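What follows is a short report on a single structure.
The values are calculated or read from the model by the stated rules, or taken from the named source; none is laboratory data. Quick caveat, the model's predicted, so the values are computed rather than measured. Note that each Cβ is placed from the backbone with ideal geometry, even for glycine, and that neighbours are counted across all protein chains shown. These area figures cover heavy atoms from the full protein model, side chains too; ligands, DNA and RNA do not enter into them. Shrake-Rupley method; radii C 1.70, N 1.55, O 1.52, S 1.80 Å.
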Amino acid sequence: MPLALGAQGALAAPPASSPAAGARRVRPGDAAWPDEAAWQGLNGAVGGALIKVASPFAACRAQPGAPACHVLFASPANPWAVGDDVALTQTFGWVGAWTSSPSVYAVAARNAADVVAAVNFARERRVRLVVKGGGHSYQGTSNAADSLLVWTRRMQDVTLHDAFVPAGCAGRIAPQRAVTCGAGALWAHLYDAVTTRGGGYVQGGGCTTVGVVGLVQSGGFGSFSKAFGTAAGSLLEAEVVTADGQLRVANACSHPDLFWALRGGGGGNFGIVTRLTLRVHPLPETFGAVNLTVKATSDAAYRRLVGLTLDFASRALVGPNWGEQLRFRRKNTLQVSMVFQGLSRRQAVAAWQPFFDALEAEPNAYELEFSPLRIVATDARSFWAPTLFKRTFGFIRRDDRPGAPERNVFWPGDQAQAGQTLHGYESLWLPATLLGNDRRAAFADALFAATRHWSVALHLNKGLAGAPAAAIAAARDTATHPAMLEAFALAILGAGGGPAYPGVAGHEPDTALAARQSAAIERATSELRKVEPEGGAYVAESNYFQQDWERAFWGANAARLRAVKSAVDPRGLFTTHHGPGGAA
Ligand SMILES: Cc1cc2nc3c(=O)[nH]c(=O)nc-3n(C[C@H](O)[C@H](O)[C@H](O)COP(=O)(O)OP(=O)(O)OC[C@H]3O[C@@H](n4cnc5c(N)ncnc54)[C@H](O)[C@@H]3O)c2cc1C
């Protein structure tokens, strides 16, 4: 069924030179692989921005002891440095699933015209095409062997608007504060421009080195999503190069189906976004954090701790003021890493007092790790700024390369993911009904049972139950699985190791450990599925081997996504692992 793409009309039929859907792409060594003159032609078309990519992994296989290999596999790594290397992705691989494989050539695009040239080249020459922004895909969808990469790292301009109206929407959408960024912008760039310098709030992700475009296409949850909704829900407009090489502006008034699909339909599936514009919200006065650890002295005490934590969470934490994680760890330990917005420190302490009272009622059952900084608050405007206080107490880190911009910051908790090797991963949206009086005890049993196998982190900011109506309405009008609208949290279970790569002596992935850990994650998840058998998974943070993945990632939205995919890219120029309409 042809799908009208909006006010500017349906897409033209793809050129005859396009590869047939599912057709094999040409590879180096094939007779049809473009010759040197063809690549030089592309290089000319993109103003010399074509890079012949050298694989540092191949070099380390040959010489594992070389100093460059020591740096590559050093842990902890600098996520900014990993992102600045055209040949690398933040995750080096996932045991048994994928291994980071540099492209043969990359266009380090400077502008939309470069992207158009690369898309046309790949389509006409039948070369495999891949696009990378922040490079944080857990599924490995921004790297592909034998391919041409469109690398957007250089497209990092950021512009603030006082009164933005999407193109063609005058009279339909009121002017509003907004921010436009290039396709290579990372969230640290937007937080610096919008919050630290601009005094506003943009809904992005928790990790500052994730790409803006990648996160928006994932759906996108940040620490304060329970107040402001998803990043996709804040998208006002995107400029996209589609498979036919056309540059299109997609918004609520122009190409609305494409616009909808870009909001949660998964990165790299519908075209290459060259810039996008997001709503800017008023900034709350304060942001803060609650960090503490509670250790139970027995299994029975831990089961009671799980129960009293869920009791407390259902009364106090499922609402716009709170976000981030309650981590139910193995070894009978609860780790609280929560954030809050719009509350003073005093209000936050008062909110947690009933929890502390419940612990103190059983002094022999629980040990509370004390830290004078366990509840802190700051003025919201300095939340993402690398202030002396935050650097001194280790709350934030900076890119430590000489001359790196001050805005290159990251949270210490994300550092271990730079260069990581994944062993296993699962996510599951948990509906707020699990916290009802009739289901909470059974849910606590399931959660406790899961922790006998693996740790479970409940990300309260990654489900919108308890969010304001406007945030829910905006998120409902996106492609993200509707289960997230009624979820109080997303459960995430993950395991991984440090930087490793198959075939590099001394740095091989630990496949036996990976097998044990992924099996433990499966057992833990199946305990949770006993109380939520149909739960969806978050496409960007999910199992590579997800069964029934279209239903799991997009639920009732999967059919519409397939229709948009076949309208905008009928011949499958853009393909990713488990992309809408793709093969399992
Ligand atoms: C350490 C870490 C922390 C994370 N934290 C969060 C979090 O707090 N909240 C959350 O919601 N998610 C989080 N994620 C998941 C993250 O949002 C997704 O993996 C996201 O897609 C990454 O975007 P990227 O640009 O960094 O990655 P990339 O790997 O570059 O891109 C991701 C996908 O988008 C495609 N893409 C990139 N640029 C473009 C473009 N210009 N046009 C079209 N397609 C493009 C790629 O081809 C790929 O398929 C986290 C991931 C990591 C590794």
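Relative to the Cα centre, the charge distribution of region 499-584, modelled as +1 at Lys and Arg Cβ and -1 at Asp and Glu Cβ, gives a dipole magnitude of about 320 debye. Given the options H70, T99, A81, identify the residue whose Cα lies farthest towards the positive end of the charge dipole of region 25-101 (+1 on Cβ of Lys, Arg; -1 on Cβ of Asp, Glu). It is T99.
Placing unit charges on each Cβ (+1 for Lys and Arg, -1 for Asp and Glu) gives the chain a dipole about its Cα centre, and among C253, N291, Y201 the Cα reaching farthest toward its positive end belongs to C253.
Per residue, the solvent-accessible area of region 217-360 (1.4 Å probe, heavy atoms of protein chains only, all protein chains present) comes to 29 Å².
For GluC sites (Glu not before Pro), the sites in region 327-411 that DSSP calls loop and that have at most 15 other Cβ atoms within 10 Å are E406. When both region 416-477 and region 93-162 are represented by their alpha-carbon centers, they are found 31 Å apart. In this model, which of K226/K295; K331/K530; K226/K565 are farther than 25 Å apart at the alpha-carbon? Pairs exceeding 25 Å: K226/K295; K226/K565.
Send over a whole-number figure in Å² for the accessible area per residue of region 475-542, probe 1.4 Å.
I get 38 Å² per residue for this part.
Distance from the C-alpha centroid of region 341-394 to that of region 28-53: 55 Å, rounded to the whole angstrom.
Taking 4.7 Å between beta carbons as the limit, the unpaired Cys residues of the chain are C181, C207.
How large a share of the accessible area of the chain, in percent, is made up of carbon and sulfur atoms when the probe is 1.4 Å and the other protein chains stay in place? Don't skip to the end; give the middle numbers.
On the way: 11810 of 21980 Å².
Taking all protein chains in place, the chain shows 54 percent carbon and sulfur surface.
Which sequence of S337, S234 reflects their accessible areas, 1.4 Å probe, from the largest down?
Values: S337 25, S234 0 Å².
Correct descending sequence by accessible area is S337, S234.
This model, with +1 at the C-beta of Lys and Arg and -1 at the C-beta of Asp and Glu, gives the chain a dipole about its Cα centre of some 140 debye.
Return the inverse of the average 1/r over all pairs of distinct C-alpha atoms in region 270-346, which is the Kirkwood hydrodynamic radius, in Å to one decimal. Kindly include the intermediate steps, with their values, before the conclusion.
On the way: mean 1/r = 0.0660 Å⁻¹.
Result for region 270-346 stands at 15.1 Å.
Give the peptides 66-74, 492-500, 317-325 in descending order of average Cβ contacts within 10 Å, highest first. Show your work: numbers first, answer last.
Values: 66-74: 14.8, 492-500: 20.7, 317-325: 22.6.
Per-residue mean Cβ counts within 10 Å order the peptides as 317-325, 492-500, 66-74.
Along its first, second and third principal axes, ordered by size, region 449-584 spans 48, 41, 24 Å in Cα coordinates. Here region 408-487 has an Rg and Dmax of 16.0, 47 Å, counting Cα atoms alone. For E36, the accessible area of its heavy atoms, probed at 1.4 Å with every protein chain present, is near 110 square angstrom.
Each 10 Å bin from zero holds the following percent of Cα-Cα pairs in the chain: 3, 17, 28, 28, 16, 6, 1, 0. The GluC sites (Glu not before Pro) found in region 230-297 that occupy coil by DSSP, while having at most 13 further C-beta atoms within 10 Å, are E285.
Between the listed residues F270, P282, N364, the Cα displaced farthest toward the positive end of the dipole of region 257-401, a dipole computed from Cβ unit charges relative to the Cα centre, is found at F270. The mean sequence separation of alpha-carbon pairs under 8 Å and at least six residues apart, normalised by the residue count of region 213-330, gives a relative contact order of 31 percent. Sequence-distant contacts, meaning Cα pairs under 8 Å at least 6 residues apart, place the relative contact order of the chain at 18 percent.
For region 83-211, the Cβ-based charge dipole about the Cα centre amounts to some 280 debye (Lys, Arg positive; Asp, Glu negative; other atoms uncharged).
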